[in-house]
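A.B. asks: One structure is given below, represented as structure tokens, and several questions about it will come after.
The values are calculated or read from the model by the stated rules, or taken from the named source; none is laboratory data. Predicted model, so just to flag it, every value in this text is computed and none were measured. Methodologically, a virtual Cβ is constructed for each residue, glycine included, from the backbone with ideal geometry; neighbour enumeration extends over all protein chains shown. Heads up: the accessible areas ignore ligands, DNA and RNA and are worked out on the full protein's heavy atoms, side chains in. Shrake-Rupley method; radii C 1.70, N 1.55, O 1.52, S 1.80 Å.
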Amino acid sequence: MQIQAIDYLNFQAYRLSTSVWEAVCVPERGANIAEFHHLRTGRQWLWVNPRVPLALHDYGCPYGWSSASGFDECFPAIAPSVYPLEPYKERDIPDHGELWSLPWSAEVAGGSLRTWIEGRNFPYRFERTISEAEDDGAMLLHYKLTNLADAPLAYNWSSHPVFAASEGMIVHVERGATIRVEQSLGDRLGKAGTRFQWLGGTHRLERIPGCGSGEVKIDKLFAENLTRNWVGLYHPESDSHLALRFDLNEINTVGVWINVCEAPGEDRVAIEPCRGNTDSLAGSLEEGTASFLAPGEVQEWSLWLQPGVGPLDLEVYADGSPA
């Protein structure tokens, strides 16, 4: 992988290039991955906010007020709340966590880009190293989390890549996976906590809908206890796909956020391998899905982004739509 320091929208950034993909990472802005291009098809997968250019924001700023776009990291939770356990009880957890609004440190070493940051309200070090996977050329994101204190730390973590969506795009989630509703505009998919199966019953969410009806659709869901180690998207217009792969021993939950028909040119979908099946830390503690980091403990996990041409697999559903 080639790494070049560049100026990107007045930020010091890095362009990462391989024979398969090209990306831009902005350490000053939460180590945001602002662009991810598949070179063969020319598709820029990540959504770029058309109203607010990438910018610095105050710590604790509501995520929706920001230049939210691209690929951020959410830790130690997604929903704004207070930490529910001693010894950090009542400490604030900002909207979408601490990481996205703060500048990270960065270094280029051995053909990889290593970025890291220490928590502001909580004692931890969060590291993410981007490299090219040796076996298939995917973008490999390797995470390393260290507890810097002598007390345990409970947390949720979520990758937060937001992708440009369009009518007919196919969302690949394991068929039959249990889906938990975090929130759904107008309760169209049920109230928070409702569960159903992916592609089960009346809920067919695998295709991004058109906006002819004028109905705004905004849903945040969690696919739980997955047994298949990938999720992804297929874009028919460019005949291209993007798979997000993970080790099921490290990650078995994926957030799915669909936001369409709210504003012209702003349809988007987030596919978010994560730890925890709710946006709030308290909620994941209640569900028994929060993670714990012992005093001084180090935990590591990985995520792969693999772009390609054509549908993701050959499975066909009863109605003829690809899996």
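A.B. asks: Using a 1.4 Å probe over the heavy atoms of the protein chains, calculate the carbon and sulfur portion of the accessible area of the chain as a whole percent.
C.D. replies: 48 percent
A.B. asks: Roughly how many Å² is the accessible area per residue of the chain, as a whole number, for a 1.4 Å probe?
C.D. replies: 41 Å²
A.B. asks: With a 4.7 Å Cβ cut-off, tell me which Cys residues in the chain come up empty for a partner.
C.D. replies: Unpaired cysteines in the chain: CYS25, CYS61, CYS74, CYS274.
A.B. asks: Looking at segment 1-110, which chymotrypsin sites (Phe, Trp or Tyr not before Pro) are in a loop (DSSP not H, G, I, E or B) and have at most 14 other Cβ atoms within 10 Å?
C.D. replies: TYR59
A.B. asks: Sticking with this one: Using alpha carbon coordinates only, what is the Rg to Rh ratio of segment 148-302, with Rh defined as the Kirkwood radius?
C.D. replies: With Rg and the Kirkwood Rh in hand, the quotient comes to 1.00.
A.B. asks: Name the residues of segment 37-77 whose amide N is less than 19 Å from a point 7 angstrom out from the Cα of ARG120 along the C-beta direction?
C.D. replies: Backbone N within reach: 54-69, 72-77.
A.B. asks: As an exercise, find the ratio Rg/Rh for the chain from alpha-carbon atoms, using the Kirkwood inverse-distance average for Rh.
C.D. replies: On the Cα set of the chain, Rg over Rh gives 0.94.
A.B. asks: Could you tell me whether segment 45-86 comes out rounded, prolate or oblate from its Cα gyration tensor? Rule is a ≥ b ≥ c as square roots of the eigenvalues, rounded for a/c under 1.5, then prolate if a/b exceeds b/c, otherwise oblate.
C.D. replies: Details: a/c = 3.22, a/b = 2.00, b/c = 1.61.
The shape class here is prolate.
A.B. asks: If a/c stays under 1.5 just call it rounded; otherwise compare a/b with b/c (prolate if a/b is bigger, oblate if not). Do that for segment 104-189, with a ≥ b ≥ c from the square roots of the Cα gyration tensor eigenvalues. Don't skip to the answer; put the middle values down first.
C.D. replies: Numbers: a/c = 2.44, a/b = 1.33, b/c = 1.83.
Oblate is the answer for segment 104-189, as a/c is 1.5 or above yet b/c matches or exceeds a/b.
A.B. asks: Per residue, how big is the convex hull of segment 1-143 when only Cα atoms are used? Give it in Å³.
C.D. replies: Output value, Cα hull per residue: 115 Å³.
A.B. asks: Out of every Cα-Cα pair in segment 175-254, what percent are more than 20 Å apart?
C.D. replies: Result for the distance tail: 42 percent.
A.B. asks: A further question follows. Run the quick spin-label model on CYS211 and LEU185: label points 7 Å from Cα toward the beta carbon, then report their separation in nm to one decimal.
C.D. replies: Those two pseudo-labels are separated by 1.0 nm.
A.B. asks: Scan the chain and hand back the longest stretch that contains none of the GluC sites (Glu not before Pro) lying in DSSP loops with at most 13 other Cβ atoms within 10 Å.
C.D. replies: 1-89
A.B. asks: Separation between the ARG40 and ASP239 pseudo-spin-labels, each 7 Å from Cα along Cα→Cβ, expressed in nm?
C.D. replies: Result for the modelled spin labels: 1.1 nm.
A.B. asks: Cα gyration tensor of segment 227-295, axes a ≥ b ≥ c as square roots of the eigenvalues: rounded (a/c below 1.5), prolate (a/b > b/c) or oblate? Can you show the working numbers first?
C.D. replies: Numbers: a/c = 3.61, a/b = 1.61, b/c = 2.25.
Because a/c hits 1.5 or more and a/b fails to exceed b/c, segment 227-295 counts as oblate.
A.B. asks: Sequence-distant or interchain residues sharing an amide H contact under 5 Å with THR278, placed H: which?
C.D. replies: When sequence neighbours closer than 5 places are left aside, the close amide H contacts are SER284.
A.B. asks: A further question on this structure: Within segment 94-120, whose backbone N sits under 18 Å from a point 7 Å along Cα→Cβ of ALA149?
C.D. replies: Residues passing the 18 Å test: 94-95, 97-99, 117-120.
A.B. asks: Here's another thing I want to ask about it. Search the structure for amide H atoms under 5 Å from the amide H of PHE163, placed 1.01 Å from N in the peptide plane, and list their residues when 5 or more places away or on another chain.
C.D. replies: Under 5 Å from the amide H of PHE163 lie the amide H atoms of TRP47, VAL269, ALA270, ILE271, each far enough along the sequence or on another chain.
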